[in-house]
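> Just passing along the structure, written as structure tokens.
The values are calculated or read from the model by the stated rules, or taken from the named source; none is laboratory data. Just so it is clear, the model here is predicted, and its values are computed rather than measured. Please note: Cβ atoms are built from the backbone with ideal geometry, for glycine as well, and neighbour counts cover all protein chains shown. To get the accessible areas, we keep the full protein, side chains included, count just its heavy atoms, and leave off ligands, DNA and RNA. Shrake-Rupley method; radii C 1.70, N 1.55, O 1.52, S 1.80 Å.
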Amino acid sequence: MVKRISEKIINSIATDDNYSKDELERMQYALVTISFELIKMISLIVIFSMLGYFEKVIIIAGIMCIVKPFIGGYHEETQIKCFIATVLLTAGILILSMQCNLSFISNCILIFLSIFCIWNQAPVINSKMPISRPQLIKKNRIRGLSTSILLGLISIGIYYYSNNYSIITWTLLFDAALMFNKRES
């Protein structure tokens, strides 16, 4: 349904025939991807808000949305599997952030480990939608790394003032860990 609606929107935009078939396909792919991501994030927020975790899920979803597109990593084959994986990852981050009281040094170590992994691996290129332009790869690497460093510094900075430092730390660690999903068949 989302694909059909996206196709209709793109076709209505392209009435003046100034777009090639390839450009129309890219626009439709982008619109479908953005639509699915919005549906997934809104559903995630609604589910966890109903369980009483609105603020925490907003932080997790926000971090995922500003880091993951630039560092790449784990992908599922279908939107349903992706949604289920996202719910499970979010639940894991919430549970760890509430159950594990990290010392300041432990928090710093996990942040530095996450940043090292991102520095070492980012961006992980999705074989189904590969990025081939070296400038874009470098740009994504810089964005992902700098955003992760900033978030890591925020986590360290708020350690003594808010328990939300733990959510930031665990979300960064999960994002970094999901970059190592290559399985040779």
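> Would you mind calculating the gained length between Lys139 and Lys81 on full extension (0.36 nm times residue separation, minus the Cα-Cα distance), in nm to one decimal?
Numbers: separation 58, 0.36 × 58 = 20.88 nm, distance 2.90 nm.
Length difference between fully extended and current span is 18.0 nm.
> Accessible area per residue, 1.4 Å probe, Å², for the range 53-184: what's the number? Working shown, then result.
Working: 7600 Å² over 132 residues.
The answer is 58 Å² per residue.
> Excluding ligands and nucleic acids, what accessible area in Å² is computed for Lys68 using a 1.4 Å probe, to the nearest 10?
50 Å²
> Using a 1.4 Å probe on the protein chains only, how many percent of the accessible area of the range 53-184 belongs to carbon and sulfur? Each step should come with its number before you reach the end.
Values: 5010 of 7600 Å².
Percent of accessible area from carbon and sulfur atoms in the range 53-184: 66.
> Restricting things to alpha carbons, find the Rg to Rh ratio for the range 53-184 using the Kirkwood radius for Rh.
Numbers: Rg = 14.7 Å, Rh = 15.1 Å.
For the range 53-184, the value is 0.97.
> For a quick check of understanding: with a 1.4 angstrom probe and all protein chains in place, what accessible area in square angstrom does Leu113 have, to the nearest ten?
80 Å²
> Further, regarding this structure: Evaluate the relative contact order of the range 44-185 (contact order divided by residue number), counting alpha-carbon pairs under 8 angstrom at least 6 apart; express in whole percent. Before the final figure, lay out each step's value.
Working: 144 pairs, mean separation 54.6, N = 142.
Contact order relative to length: 38 percent.
> How big is the charge dipole of the range 53-184 about its Cα centre, in debye rounded to the nearest 20, if each Lys and Arg gets +1 on its Cβ and each Asp and Glu gets -1 on its Cβ?
Values: 11 positive and 5 negative charges, 99 e Å.
Here the range 53-184 has a charge dipole of around 480 debye.
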